[in-house]
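**Q** Structure incoming, see below.
The values are calculated or read from the model by the stated rules, or taken from the named source; none is laboratory data. On a predicted model such as this, the values are computed, not experimentally measured, just so you know. Note that we place each Cβ from the backbone using ideal geometry, even for glycine, and neighbour counts take in every protein chain shown.
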Amino acid sequence: MAMRSVAVLVLALAGAHPAAAVEVLTGTLKSVAERGEIVLGYRESSVPFSFVEGRNPDGAPRAIGYALDLCGEVADDVQAAIGRPVKIRYAPITAENRIAAVTSGQIDLECGSTTANAERRRQVAFSPVDYISATQLLVKRAAGIASYRDLGGRTVVVTAGTTNEKAVRDLLGRLKIDAKVVTAPDHAASYAMVKAGQADAFATDDVLLYGLIATDARDGANYTVLPDKLSYEPYGIMFRKDDPELAGIVSQTFTRLAECRALRWTYERWFLKRLPNGERLDIPMSNDLRVSFQLMGLDTGE
């Protein structure tokens, strides 16, 4: 409640006296106002949350996705709080450097597929949950792997800097499964290792695996995602800690989107409707996520 009150106060100041509002801003909002831009960090292959699809007219990569749509809504509310338009700039990040990019001020909002866990909350802050995933394994259909129990003597690739690596290593250690774990710099590279036969399985969040298969028109049908769930992964938009003004605006944005049902529509756009390449993920909203949205004021029932 306190965070939301801060945001409302700033918005009220901005509506009446834009210059005065800038003077009382702190943290990220003050920095954005001084720079005249807000920087959104995006991932290049985290379908459908944050990924590159073609080029903009100026030749720059065209970053799109579910998380970027939500970040755009937050950016709109940040501009309203500041009291004048600011430029939105997009900066590429990876799973490995995303936390440092936030804490160092390189980006203001991290718009990807990031798990909001207790360890990360010691360094950064998160929005309300925008998706709930689980670590699963992608394998070639012809590989003869039906479960994580078949990984003995095999190689598993994980994307560097993700929570999936710990989930896989803990599982293999606990069950004494002798498998080799290697890393790749991003999800596309991890998938490529399985395709090239350099790894037998790719472990990451289930929705990202489905996204890779759906966007691989030539070979996607040759791969499958095993049903075993190795971890629980609640996602959120990441931003700097100890910034009550920004935290209040992020919370206010999600509440606004929940109350007008835009959270549901945005979800359906990316998870149920056709992606830019014409494919569908066809992932209905989970009960856990539905409850999370309901708590923010959205009734997702018909």
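**Q** Would you confirm whether any residue within the range 266-273 is in contact (Cβ under 8 Å) with a residue 40 or more places away in the chain and touching a Pro at 6+ places or on another chain (Cβ under 8 Å)?
**A** Yes, the range 266-273 contains at least one residue that is in contact (Cβ under 8 Å) with a residue 40 or more places away in the chain and touching a Pro at 6+ places or on another chain (Cβ under 8 Å).
**Q** Could you check the range 1-62 for helices (runs of 4 or more DSSP H) lying wholly inside it with 1 or more residues that are under 25 Å from the mean Cα position of the chain (by Cα) and modelled with pLDDT under 90?
**A** Once the helices (runs of 4 or more DSSP H) in the range 1-62 are filtered for at least 1 residues that are under 25 Å from the mean Cα position of the chain (by Cα) and modelled with pLDDT under 90, what remains is 2-16.
**Q** Still on this structure: Going by the conditions given, is Ala217 surrounded by fewer than 21 Cβ atoms within 10 Å (Cβ to Cβ), in a helix (DSSP H, G or I) and touching a residue at least 24 places away in the same chain (Cβ under 8 Å)?
**A** no
**Q** Okay, next question. Is at least one residue of the range 65-82 within 13 Å of the chain's Cα centre (by Cα) and either among the basic types (Lys, Arg) or part of a strand (DSSP E or B) (or both)?
**A** no
**Q** Which ones in the range 118-162 are out of contact with any Asp or Glu (no Cβ under 8 Å at 6 or more places or on another chain), closer than 19 Å to Asn222 by Cβ and not charged (D, E, K, R)?
**A** Correct list: Leu138, Ala142, Ala146, Val157.
**Q** Then there's this: Inside the range 172-194, can you point out the residues that are out of contact with any Gly (no Cβ under 8 Å at 6 or more places or on another chain) and of a type in the set (A, V, I, L, M, F, W, C)? Step through it out loud before you land on a result.
**A** To start, the set of residues in the range 172-194 that are out of contact with any Gly (no Cβ under 8 Å at 6 or more places or on another chain) comprises 172-176, 180-194.
Within the range 172-194, Leu172, Leu175, Val181, Val182, Ala184, Ala188, Ala189, Ala192, Met193, Val194 meet the criteria.
**Q** Same structure, new question: Please give the strands (runs of 3 or more DSSP E) falling wholly within the range 113-171 in which 1 or more residues are in contact with a Gly (Cβ under 6 Å, 6 or more places away or on another chain). Can you show your working first?
**A** Working: elements: 124-126, 131-140, 155-159.
Here the list reads 124-126.
**Q** Among the listed residues Leu257, Leu230, identify the single one that is part of a helix (DSSP H, G or I) and aliphatic (A, V, I, L, M).
**A** Leu257
**Q** Among the numbered conditions (1) without any contact (Cβ under 8 Å) to a residue 60 or more places away in the chain; (2) under 20 Å from Asp206 (Cβ atoms); (3) assigned to a loop (DSSP other than H, G, I, E, B), tell me where Gly278 comes up short.
**A** The one condition Gly278 does not meet is (2).
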